[in-house]
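Q: What follows is a single structure, and I will ask about it in a moment.
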Amino acid sequence: MKQQNYGGALQHPIHSGFSASSTTHDVMEGVDLSGKIAIVTGGGTGIGLETVKTLASAGATVIVGARDVNKATQNLEGIPNVEIEPLDLIDPESIDRFADKFLASGRSLNLLINNAGIMFVPLRRDAAGNESQLATNYLSVFRLTARLWEALKKATGARVINLSSLGHQFAPFDFDDPNFEHRSYETLQAYGQSKTAVNLFTLELDNRARDFGVRAYAVHPGNIWGTELAREAPIEILQQFGFYDAAGNPVQAVLDSLKSIPQGAATTIWAATSPVLEELGGVYLEDVEVAELAVDASVPNGVKPYSLEVASAGKLWKWSEFITGITFHIA
C-alpha cells in the first residue's frame, strides 16, 4: 500500500541535513537540471526571482509567468535559459492563454512552481466575485495546474511545488462563506484560508497524481524581509507582527532575525530537486525539512491538522471544479 499524507501521517522530519539557515546554493550543490523544463509563477521578483536564477544556473529552461513583464525582463536580464510570458493570476483568461501557449510548444513540464501570491490586501474581488487572496493564492493554482496536467504527465517524474505559508494557521477553509459575502472581511483570515486551501489541494493532488509520476509539495518559505509581499500592508499589521514599533519605525533586531531571500527560496529548491522526496509526496515542508504537525503550542511552526484532512481535501477539489468551471480529471 502506498503511503499518503491524509491526516498528516507523513508529517515527520526526515533529517534532511539542511536547516532554516540553508540557502539555495547549499541545496542546489551538485544538482544538474540540464534538459529539464520548469515554470515559475511570480518569477520576476522576490523568492520567485531567486528560484528562477537557481534553476537556470543548474541548466533548466525556466518559463517565468509575470504580471509585470517589463519588470521581470529587467530583473532577469543576463540570466540564461529564461523565457518570460505575461500571466495575471487573478484573470482566468490570462491563465488559459499562458497554459495554451506552453501546451502548443509540445514540451513536457518537469517542474511547476506555483510561487506567486498576495497578502495584506483590502477586500477586492475578481471578475467572478471571488475574494482576491483566494483567487490569486489558490484558485489560480488549481486552474493552472489543471490546464498544464497533460504536460506534467508527459514528463518523467514531474513535481508541483505550491507556495504555502505558516499563515495557513490564521484560518481553516470556510466552506460556508469562502468569499466573505456574509461575514466581515479580515485580511489575515482571508490569507490564512487561501493557504489552507493550498495545503489541502497539494495533499489531494499528490494522492491522485502519483500513479502518473507526478508528486506535489506545499512549501512554507519562512519569514522573509525584502520581498514585495508586504507592499500593501497597513502599518498596524506590521506593528502587530513586530516589524515596526509604536512610532512606526522598523525594529532592526526583528528584521535581522528574518530569513534572507536565498534562505527563503531554499525549501522550494529542495522540494523541486531532492531525491530523498521521490517517494514522499503530499507533505508540507519548511526550513528545508518535512514539517511537524502543529497539534499544540509545543510545535511553534508546523502544519495544522485541519489543512490535511481527507474529507476537506476531497470537498475542496469538488468546490474548486465548480467555482472555476474546470473538471480536473486525472487520468
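The values are calculated or read from the model by the stated rules, or taken from the named source; none is laboratory data. These figures come from a predicted structure and were not determined experimentally. Please note: Cβ atoms are built from the backbone with ideal geometry, for glycine as well, and neighbour counts cover all protein chains shown.
Q: Given the criterion among the basic types (Lys, Arg), in contact (Cβ under 8 Å) with a residue 12 or more places away in the chain and surrounded by 17 or more Cβ atoms within 10 Å (Cβ to Cβ), identify the matching residue among Lys304, Lys315.
A: Lys304
Q: I'm checking my understanding of the structure. Among residues of the range 79-91 that are hydrophobic (A, V, I, L, M, F, W, C) and part of a strand (DSSP E or B), which one is nearest to Thr136 (Cα to Cα)?
A: Filtering the range 79-91 down to residues hydrophobic (A, V, I, L, M, F, W, C) leaves 79, 82, 84, 87, 89-90.
Next cut, part of a strand (DSSP E or B) only: 82, 84.
Details: Val82: 23, Ile84: 19 Å.
Taking the candidates together, the pick is Ile84.
Q: Kindly provide the set of residues from the range 92-135 that are within 18 Å of the chain's Cα centre (by Cα), within 24 Å of Arg159 (Cα to Cα) and part of a loop (DSSP other than H, G, I, E, B), ordered by number.
A: Selection gives Leu109, Asn110, Asn115, Ala116, Gly117, Ile118.
Q: Can I ask one more? Within the range 214-226, how many residues turn out to be surrounded by fewer than 20 Cβ atoms within 10 Å (Cβ to Cβ) and either touching a residue at least 40 places away in the same chain (Cβ under 8 Å) or in a helix (DSSP H, G or I) (or both)?
A: Step one: filter the range 214-226 for residues surrounded by fewer than 20 Cβ atoms within 10 Å (Cβ to Cβ), giving 223-226.
Narrowing further to those that are either touching a residue at least 40 places away in the same chain (Cβ under 8 Å) or in a helix (DSSP H, G or I) (or both): 223-224, 226.
So the answer is 3.
Q: Being crowded, with 24+ Cβ neighbours inside 10 Å, among the small types (Gly, Ala, Ser) and free of Cβ contacts under 8 Å to residues at least 60 places away in the same chain is the filter; apply it to the range 39-64 and report the residue that is nearest to Leu112 (Cα to Cα).
A: The residue in question is Ala60.
Q: Ok, one more. Would you check if there is a residue in the range 137-149 being touching a Pro at 6+ places or on another chain (Cβ under 8 Å), among the basic types (Lys, Arg) and farther than 23 Å from Gly264 by Cβ?
A: yes
Q: In addition: Could you tell me whether Thr136 is closer than 21 Å to Thr227 by Cα and either of a type outside the set (Lys, Arg) or touching a Gly at 6+ places or on another chain (Cβ under 7 Å) (or both)?
A: Numbers: closer than 21 Å to Thr227 by Cα: yes; either of a type outside the set (Lys, Arg) or touching a Gly at 6+ places or on another chain (Cβ under 7 Å) (or both): yes.
When the stated conditions are applied, Thr136 passes them.
Q: May I ask you to list the residues in the range 144-160 that are in a loop (DSSP other than H, G, I, E, B) and at negative phi?
A: As a first pass, look at the range 144-160 and keep what is in a loop (DSSP other than H, G, I, E, B): 148, 155-158.
Those that are in a loop (DSSP other than H, G, I, E, B) and at negative phi: Leu148, Ala155, Thr156, Ala158.
Q: Which members of the range 282-331 meet the condition of being within 19 Å of Asn223 (Cα to Cα) and hydroxyl-bearing (Ser, Thr, Tyr)?
A: Within the range 282-331, Tyr284 is the sole residue that qualifies.
Q: Right, another one. Does at least one position in the range 193-201 carry a residue that is out of contact with any Asp or Glu (no Cβ under 9 Å at 6 or more places or on another chain), exposed (fewer than 15 other Cβ atoms within 10 Å of the Cβ) and either within 27 Å of Val299 (Cβ to Cβ) or modelled with pLDDT of 95 or more (or both)? Don't jump to the end; show me each part of the working.
A: Step one: list which residues in the range 193-201 are out of contact with any Asp or Glu (no Cβ under 9 Å at 6 or more places or on another chain), which gives 195-199, 201.
Restricting the remaining residues to those that are exposed (fewer than 15 other Cβ atoms within 10 Å of the Cβ) gives none.
The answer is no; no qualifying residue exists.
Q: Could you check how many residues of the range 244-265 are part of a helix (DSSP H, G or I) and of a type in the set (S, T, N, Q)? Spell out how you get there, then give the answer.
A: If we filter the range 244-265 for residues that are part of a helix (DSSP H, G or I), which is where we start, we get 252-257, 261-264.
Now drop any that are not of a type in the set (S, T, N, Q), which leaves 252, 257, 263.
Number satisfying all stated conditions: 3.
Q: Tally up the residues in the range 33-76 that are assigned to a helix (DSSP H, G or I) and among the hydroxyl-bearing types (Ser, Thr, Tyr), please. Show your work before the answer.
A: Our first condition is that a residue be assigned to a helix (DSSP H, G or I); within the range 33-76, this holds for 46-57, 69-75.
Next, only the ones that are among the hydroxyl-bearing types (Ser, Thr, Tyr) stay: 51, 54, 57, 73.
Final tally of qualifying residues: 4.
Q: For residues that are part of a loop (DSSP other than H, G, I, E, B), under 19 Å from the mean Cα position of the chain (by Cα) and under 24 Å from Pro262 (Cβ atoms), scanning just the range 293-330, find the one that is modelled with the highest pLDDT.
A: Residue satisfying both the conditions and the ranking: Gly302.
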